[in-house]
Amino acid sequence: MERTTIDLWVGIFVALGFAALLGLAMKVGNLTTSNISQTYLVTANFENIGGLKPRAPVKSAGVVVGRVNDIVFDPKTYEAVVSLNIDTRYNFPKDTFANIYTAGLLGEQYVGLEAGGDETSLKDGDKITQTQDAVVLEKLISQFLYSKATESDDKPTKSTTASTESATDALDASPLDKIGK
Amino acid sequence: MVVHKLTRMLSKLGAGCINKVWRLGAGGRLFWLTLISSGESFRRFRLTIREVYFTGVLSLIIILVSAFFVGMVLALQGYQTLQKYGSSEAIGVLVALALVRELGPVVTALLFAGRAGTAITAEIGLMKATEQLSAMEMMAVSPIARVIAPRFWAGVIAMPILATLFSMVGILGGYLVAVPLIGVDAGAFWSQMQANVDWQYDILNGALKSVVFGVACTMIALFEGYDAPPTAEGVSRATTRTVVTSSLAVLGLDFILTSFMLAV
């Protein structure tokens, strides 16, 4: 009698364990969401991939259509070769444009695909030729500063000289020598 | 005089080191003996089931309650910081990853060492002190196959189950704090979690960690009990050593396992 109750409790315990593992896999993990069974592989060269990592999503129109498989450095062209696993359900034209975007201001980076107009579609092992690099924040800031500097090359100096002139005029005009008299 | 004192100190240090190495070797030998004589514990599986009840089922309360509180605290603390960067929806990812990767296996192993490991050490130490183990040997029953191996396998079975339950209940606790209490959007909570927790890299690796911790904690508890001097003081010291050694082993192993898992 004692033993059967123990057996029951141990059975419940093990069942709970499996249920929790299943729950973790289904509800918490991406076993259900990233269930891309059949994929084809395409590569794309980028001059700068920023912070892109393997397993990052590949999105088109905001929908996840694949994952980044691997990133290697090509020592001949000095470019990053990114290989993408794309779901076989989705076909993309040969002149598809690949960008590296950032989700949010500080979010993770992903590859965005923009379909072109070609009638032949990408096959396994193909290469996407049109790419755009990741936006590097430092470059962006330096560009912004540079454009600001060229923009304000003459205008502000003019206005400042003008304002100082007008100020001295005002001073001259003001009856300073009459103060205190 | 000073030289005499110095030599005595050095010899004490050396004896301590040699003693540690000796114990490590003896522990390794016991581990090997347990592995080769564990056929018995699978043939008479009832013995193992009984031990799973004592080490696993009876540990459920402490594991689940602490998991619940750990999850709630994680959500509260994480929210404070994430809110500053305007990404309070990422709280689900934070809670889930922290629990599944680290806190689930590690805290479970620490609690397991305190709750079940000490019980195993005290039980076996007392069995040895009252010469039950010698009596078994006299009856040609191997105490390793009859006593040690079932407890070992019970610990190895129970630990991953407990750790998985810890993670699950912890996430539930985090959910309760984040969504109804703080007011984070429930959809964002779960979807961000699902997008960032990987089944293989995070959940399976966490389970693998807990299996390793199960082997380490149970083996340390068994060895300390088997090796305890057959006195009241000896058993009490062995019980203390079980907790200290298991905790240090779990934390050290955690670093090694994590560095391997992140490197891949």
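The values are calculated or read from the model by the stated rules, or taken from the named source; none is laboratory data. Predicted model, so just to flag it, every value in this text is computed and none were measured. Cβ placement follows ideal geometry from the backbone for every residue including glycine, while neighbour counts extend to all protein chains displayed. For accessibility, only protein heavy atoms count, side chains too; no ligands or nucleic acids. Shrake-Rupley method; radii C 1.70, N 1.55, O 1.52, S 1.80 Å.
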Practice task
Please enumerate the residues belonging to the stretch B:243-264 that are touching a helix residue (DSSP H, G or I) at 6+ places or on another chain (Cβ under 8 Å) and either open to solvent by 40 Å² or more (accessible area, probe 1.4 Å) or small (Gly, Ala, Ser) (or both).
Solution key: B:VAL243, B:THR245, B:SER246, B:SER247, B:ALA249, B:LEU251, B:LEU253
Practice task
Mind listing whichever residues of the stretch B:177-217 are within 14 Å of the chain's Cα centre (by Cα) and more than 8 Å from chain A (Cβ to nearest Cβ)?
Solution key: B:GLY206, B:LEU208, B:LYS209, B:SER210, B:VAL211, B:VAL212, B:PHE213, B:GLY214, B:VAL215, B:ALA216, B:CYS217
Problem - Verdict on B:LEU222 being more than 14 Å from B:LEU103 (Cα to Cα), among the aliphatic types (A, V, I, L, M), surrounded by 15 or more Cβ atoms within 10 Å (Cβ to Cβ) and more than 14 Å from chain A (Cβ to nearest Cβ) - result: yes
Problem - Output for the stretch A:61-104, where each listed residue is more than 17 Å from A:THR129 (Cβ to Cβ), in a strand (DSSP E or B) and either under 17 Å from the mean Cα position of the chain (by Cα) or of a type in the set (Lys, Arg) (or both) - result: A:VAL63, A:VAL64, A:VAL65, A:GLY66, A:ARG67, A:VAL68, A:ASN69, A:ASP70, A:ILE71, A:TYR101, A:THR102
Problem - Pairs with Cβ under 8 Å, 6+ apart, first in the stretch B:235-258 and without any contact (Cβ under 8 Å) to a residue 40 or more places away in the chain, second small (Gly, Ala, Ser) and surrounded by 18 or more Cβ atoms within 10 Å (Cβ to Cβ) - result: B:ARG237/B:ALA228; B:ALA249/B:ALA216
Handout entry: Failed criterion for B:GLU131 (all others in (1) away from chain A (no Cβ under 14 Å); (2) in contact (Cβ under 8 Å) with a residue 24 or more places away in the chain; (3) in contact with a helix residue (DSSP H, G or I) (Cβ under 8 Å, 6 or more places away or on another chain) hold)
Key = (3)
Practice task
May I ask you to list the residues in the stretch B:158-176 that are more than 13 Å from B:ALA109 (Cα to Cα), more than 7 Å from every other protein chain (Cβ to nearest Cβ) and open to solvent by less than 10 Å² (accessible area, probe 1.4 Å)?
Solution key: B:GLY170, B:GLY173, B:GLY174
